[in-house]
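The values are calculated or read from the model by the stated rules, or taken from the named source; none is laboratory data. Everything numeric in this text was worked out from a predicted model, so none of it was measured. Reconstructed Cβ throughout: ideal geometry from the backbone, glycine too, with neighbour counts over all protein chains shown. Accessible surface areas use protein heavy atoms only, side chains included; no ligands, DNA or RNA. Shrake-Rupley method; radii C 1.70, N 1.55, O 1.52, S 1.80 Å.
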Amino acid sequence: MMLPTIAALQTAPPFDAPTNSCFCNAEAIAYSGTVICILIAASSRAIAVSRKPFYALLLLLVWAVVFFAMPQPTWAAIAQPDRVPLTLELLQERLKNPMQSDGVRILDLSGLTIDLRSENAAFRDQFYSLVQGQLQRPGTPVGLDLSYSQLQGEFKISQLGLRAPLYGQSLSPIFTPAEQKQLQRDRRLLSRLSTLSQSLLSTPDAGIQPAPLQITVFRGPLKLIQTRFTGLADFTNTFFLNRVEAQSVQFAQLADWSQARLSQNASFAGAIFERDARFRSSIFFAKTEFTQTQWRGAVNFQNSEFQATANFNQALFQQPTNFTRVQWLGNADFAQAHWQDQAIFTKDTFNQSFFLTDAVFEKTVLFREAQFNRPVNLRGASILDRAEFGYTGFAKGAYLNVPGLRFDSDRAKIIGNPGQISRVISVPTLQGNENLLRELVRNFRRLEQIPDANQLEYMRERLRLRELRQQLVGININTAPIAQLLDVGFSQTQATAIVQRRTQQPFRSTADLLIVGSVDLATYINVRDRIIAKEAVTPSLEALNRLSAGLSWLGLSQLLLLTRYGTDFWLIFGVGLVASAYFSVLFWLVDRWRRVTPRPVLPKLPETLWVLSLFSVLSLWGLVSIFRAGDRPWLTIASIAALIIPVPALLTIRLYKVGRYHPMMDVSYFTEEGSLRQLRILIGRLPTIPRFELFRERYMPLLWDRRWSWLNYFDFSLNNLLKFGFNDIRLRDEHLPGLITAIVWYQWSLGILYIALLLWTLSRTIPGLNLLIYFK
């Protein structure tokens, strides 16, 4: 078997690099791995066919030692790009022969090693002078291509661009009309900011005119594809009138782009910032790409402005990032970005959507005093430490979309303004987000932000109510015939595919529809609120399930309408005022309006006016509370009416239709305990007088001839509904129409439910008051 010799391995060229390109370390490693694999395969074959495998194995070891002991230049050739050192002659030759790209002349300085260190000062000065002379020629702008090159030492873009004043009307005639228009749109802002900075920092002496402020203008395209800067890269105070292409660029030291203006599209996709990166007070006029960038040092975008879409998706931030006071006029896309240290977005303004989909925050993220004008998408994001939204502003229609948010309240915290942060948190469905909502509730309870915890619980129960309604009226995709599937919104092809799929395996959730090839996302979004996915059962069991779901829906809807699921005291208080006022008038009516002829038993006009006035005041107070606290006040009022009007109204109509013909027509149906007057809590009291004679002697009929006697009916209604009052007022049990007894007991039954809801609400809205045990 023929085996490669050691001499051949040492003299073989590492690999041929294509023109204007370089191979990164990953490609070098791949090449080395390939060589090792070839050696192992050849040695294995030699061992297999050799009669003396020991010698073949020894030869393999020798090859490995020689391969890894190659001279350093050989390894450098493998690991480093195949760059040519730039000399003065080569520079002059490249400048004389610019290449054409998209109709623009570009100085080709790619694939070179450019030494700009201080010990090579003579060449550095000539480099800047010669390149600047070519770039500043009048006419069509000339670009610069430094792709695949390595720049050693400090690089200053200001030595290559054209200087232009910040203010005034005079601009160099070298600029075309289009370029002058681009410059003018930012010069006023720069002039104001610079003048302000000068005035704050120092006060010039009288009679001394400050030097005119200037910026560097780079007219042509700038290409930095896979360029490596080993020293400081200074791009400060520069206006780039053309595109900047810096994909996979590497900055080994500080990269300073402060006060830069990028007029057209800029791409830093895949860039690596090994040290600090500064983009302070920069303006990006067009779309900017920072996709898959690696920020290994501190990042500073303070006071910058993005006037179009900014993409930071899949970026990695290993040190603190400062985005303070940044203006995001377009979409800000940080999807799948990863922060390993603190992220600061304090006082930012987001005019368009802000995407943090699947982003990871290992440390604190601050949005203090930020302004969101459009939704913030946190779907699938991970908050592992603290997220602060203190004093954050949300415009109408802006909210935090958090479905699938990974958040553990035992380790992390979400902080916001009490009573406000929970109202901007949005979860579209309960399925898959129930644990998230539970963690958010626990988070705000631990922070003692009880209103926020209650608001999120209210949101969770509203989503549950929607699920119950969907179970009642939704179409089960595991049992529905094709005709029903068509009515829901599926096409014929989709319905057929669904039937075929469920015969093989039933759907476990509606999201499984996306597995069916013919069902697209748009169709799923259109029909997901009208379908369910349940196992097929018998018709009788299905009917029982729907009945159970219907009762659960009815009970939960009443809790949400009357108490906001125990989260608003003023709502349940308003409900109680309206119900108590209504029953007070009803009791006064059946007791005082008895007959007209032959001998009238009717109240006097002043009494009637007083009763109606107090009824109006209490009802108005209750309605105001309902409208201020309820999300759907008209439905709340309808729910109250359904509970307090039909049954008592039917009993009252029946009472007056039948008439009353019994003794003691001139005596009130209601009696009061006359031994003492005091404010009493009467939770266990029944609405009729006791049977024991000694107790009955203390109960006396209400006096009709007193001007304040009508107040007793409101007191009795409070006794029945709220279980407290000023007097112990009850029904007599002699010569009493049964219809009146039914009305009183009906209100007493509602009162038991009401006082339970009231105590439950108080226990959830007052911190530390656990009248009912509640903590999940």
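Things worth noting here:
- Accessible area of Phe123 in the full protein assembly, 1.4 Å probe (Å², nearest 10): 20
- Accessible surface of segment 219-344, 1.4 Å probe, proportion on carbon and sulfur as whole %: 33
- With all pairs of separate Cα atoms included, segment 386-497 yields a Kirkwood hydrodynamic radius of 16.2 Å.
- Val516, Val647, ranked by accessible area, largest first (probe 1.4 Å): Val647, Val516
- Solvent-accessible heavy-atom area per residue, rounded to whole Å², over segment 415-540 at 1.4 Å: 50
- Residue-count net charge about Trp710 - beta-carbon cut-off 13 Å; Lys, Arg +1, Asp, Glu -1: 0
- In a reduced charge model with +1 at each Lys and Arg Cβ and -1 at each Asp and Glu Cβ, segment 275-360 shows a dipole moment near 260 debye about its Cα centre.
- Relative contact order computed over segment 278-361 (Cα-Cα under 8 Å; 6+ residues apart), in percent: 26
- Cross-link table Lys156/Lys223; Lys604/Lys723; Lys604/Lys657, entries beyond 18 Å C-alpha to C-alpha: Lys604/Lys723; Lys604/Lys657
- Annotation for Arg423 and Gln318: the two label points, set 7 Å from Cα along the Cα-Cβ direction, are 4.4 nm apart.
- Neighbours of Gly404, meaning other residues whose beta-carbon lies under 13 angstrom from its beta-carbon, give a summed charge of -1 when Lys and Arg score +1 and Asp and Glu score -1.
- Of the listed residues Met700, Met459, the order by accessible area with a 1.4 Å probe, largest first, is Met700, Met459.
- Fraction of accessible area attributable to carbon and sulfur, segment 521-678 (%, probe 1.4 Å): 70
- Burial order of peptide ranges 549-555, 264-270, 284-290, 389-395 (average beta-carbon count within 10 Å, highest first): 284-290, 264-270, 389-395, 549-555
- Reach of Lys347 by Cα under 20 Å, taken over aspartates and glutamates that are not fewer than 8 positions away in the same chain: Glu305, Asp333, Glu369, Glu388
- Each of Val658, Ile626, Val578 was scored by the projection of its Cα onto the charge dipole of segment 525-659, and the greatest displacement toward the positive side belongs to Val658; charges sit on the C-beta of Lys, Arg, Asp and Glu.
- Pairwise centroid distance, computed over Cα atoms, of segment 238-253 with segment 500-552, Å: 53
- If you plug the beta carbon distance of Arg530 and Lys413 into 1/(1 + (r/R0)^6) with R0 = 25 Å, you get a FRET efficiency near 0.05.
- Most tightly packed first, judged by the mean number of other beta-carbon atoms within 10 Å of their residues, the peptides 407-418, 235-246 read 235-246, 407-418.
- Sorting Glu434, Glu448, Glu542 by accessible area puts them as Glu448, Glu434, Glu542; the probe is 1.4 Å, largest comes first, and only protein heavy atoms count.
- Here the relative contact order of segment 492-595, from alpha carbon pairs under 8 Å that lie six or more residues apart, stands at 16 percent.
- Spatial separation of Cα centroids for segment 257-284 and segment 695-773, in angstrom: 73
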